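Structure record follows, encoded as structure tokens.
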Amino acid sequence: MTESGLRELTVGTGTGIETEDMVLNIGPQHPSTHGVLRLKLTVDGERVVTAEPIIGYMHRGAEKLFEVRDYRQIIVLANRHDWLSAFSNELGVVLAVERLMGIEVPERAIWLRMALAELNRVLSHLMFLGSYPLELGAISPVFYAFREREVLQVVMEEVSGGRMHYMFNRVGGVKEEVPAGWSRRARQAIDDVRRRMPDLDNLIRKNEIFMARTVGVGVLSAEQAAAYGASGPVGRASGLDFDLRRDDPYLAYDQLDVPIVTRTAGDCHARFEVLLDQVYVSLDLAEQCLDRLDRTSGPVNVRLPKVVKAPEGHTYAWTENPLGVNGYYLVSHGEKTPWRLKLRTASFANVQALSTLLPGCLIPDLVAILGSMFFVVGDIDK
């Protein structure tokens, strides 16, 4: 104690120096969190001691809003929780409703859904492939990524009218038939993106600075990934060889050979590489779906009454979304609105692992780890 009655405290790091941990808040509005996510950190100098992800700042309440909207209207809400994967979000909802109602979707609609879902997967991956290096200080990759995104966005916009929130899925199929010549233009777009992807790949994958920031950083073991329920690129980068398109196929994925991209390192670089290699896989799958679409004729939806009511009961549908496994638990009391529609989102499960990954890392590595989890905050807050 000093003469004035105040306690002197030395805060710092180094041998022989008394130190005290400091509580540091990153977020909820902060460039490093790419969204309204709050991280409550305890830091010792530049090193993170504990980390607590705090969520809920978006106040979306989508699950509650589902309960007062009919089965056509909830699609509008569902495609927004992960705004980079809107088509896949719509798909999970309509699959759950169709399963509960016992609706058999026309074959042409199935192949069209799969083609668009894979294109949407590429769009989502390209966003992170551009934004993640940007968070580490590399500005060029984002220009290449958005160049390819725009090529595919044109295709998605032509078929649905939307650039982000497509609203193209319907209970019983899709909104309408595709424009004449659309599959040819979509195939050309896929070829263009596939041919130019090495520009992005060669720029960043083996970049010395990028590898120094990501290799061996933020290692998530397979056991930890499984314990947290991690899935998608985050889980597969840790060695979890699991993908619903192969392991519990929906739509017509059982008719395709779906290669699963995995790594075992479980670090930031492995997560990035899985995302990058999955782009090539999804481009190939989308092209195969377009080939099947061209060979399939018939309607793209089934006629439904003006008011759609699901019978009383409950069902669960899950899909392999771009960021991981999304689940949809639907409970109906026989009305035109769901009594309960519970979402199991990929980002919500994946981001929990931050409390294990961040302790022990340095503040600069925190940014690298956070970005490599590839989450969308709306997908966490639902």
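Quick notes on this one:
- Residue match in the range 191-198 (condition: loosely packed, with under 15 Cβ neighbours inside 10 Å, within 20 Å of Asp284 (Cα to Cα) and among the acidic types (Asp, Glu)): yes
- Residues of the range 306-316 satisfying the condition of being out of contact with any His (no Cβ under 6 Å at 6 or more places or on another chain) and surrounded by fewer than 18 Cβ atoms within 10 Å (Cβ to Cβ): Lys306, Val307, Val308, Lys309, Pro311, Gly313, His314, Thr315, Tyr316
- Members of the range 201-218 that are crowded, with 18+ Cβ neighbours inside 10 Å, among the aliphatic types (A, V, I, L, M) and either modelled with pLDDT of 95 or more or in a helix (DSSP H, G or I) (or both): Ile204
- On the stretch given as the range 125-154, residues that are closer than 17 Å to Arg196 by Cα and either of a type in the set (Ser, Thr, Tyr) or touching a Lys or Arg at 6+ places or on another chain (Cβ under 9 Å) (or both) total 10.
- Any chance Ala227 is free of Cβ contacts under 8 Å to residues at least 40 places away in the same chain, closer than 28 Å to Gly360 by Cβ and either open to solvent by 30 Å² or more (accessible area, probe 1.4 Å) or aliphatic (A, V, I, L, M) (or both): yes
- The number of residues in the range 357-366 being in a helix (DSSP H, G or I) and either at pLDDT 90 or above or open to solvent by less than 10 Å² (accessible area, probe 1.4 Å) (or both) comes to 3.
- From Arg213, Arg149, Arg196, Arg187, residue being under 22 Å from the mean Cα position of the chain (by Cα) and either closer than 26 Å to Leu362 by Cβ or among the charged types (D, E, K, R) (or both): Arg149
- Checking Leu343, Leu370 one by one, the residue that is part of a helix (DSSP H, G or I) and either touching a residue at least 40 places away in the same chain (Cβ under 8 Å) or over 10 Å from the mean Cα position of the chain (by Cα) (or both) is Leu370 and no other.
- Positions within the range 55-79 being aliphatic (A, V, I, L, M) and either open to solvent by 50 Å² or more (accessible area, probe 1.4 Å) or more than 19 Å from the chain's Cα centre (by Cα) (or both), in sequence order: Ile55, Met58, Leu65, Val68, Ile74, Val76
- Within the range 191-233, the residues that satisfy the criterion of being in contact with a Phe, Trp or Tyr (Cβ under 9 Å, 6 or more places away or on another chain) and β-branched (Val, Ile, Thr) are Ile204, Thr214.
- Some residue of the range 317-332 being in contact with a strand residue (DSSP E or B) (Cβ under 7 Å, 6 or more places away or on another chain), open to solvent by less than 80 Å² (accessible area, probe 1.4 Å) and either under 12 Å from Trp111 (Cβ atoms) or among the basic types (Lys, Arg) (or both): no
- Filter pass, Ala115 being part of a helix (DSSP H, G or I), open to solvent by less than 20 Å² (accessible area, probe 1.4 Å), out of contact with any helix residue (DSSP H, G or I) (no Cβ under 9 Å at 6 or more places or on another chain) and touching a residue at least 60 places away in the same chain (Cβ under 8 Å): no
The values are calculated or read from the model by the stated rules, or taken from the named source; none is laboratory data. These numbers were taken from a predicted model, which means no experiment stands behind them. Cβ coordinates were reconstructed from backbone atoms using ideal geometry, including for glycine residues, and neighbour counts include every protein chain displayed. Calculation scope for accessible area: heavy atoms of the full protein, side chains included, ligands and nucleic acids excluded. Shrake-Rupley method; radii C 1.70, N 1.55, O 1.52, S 1.80 Å.
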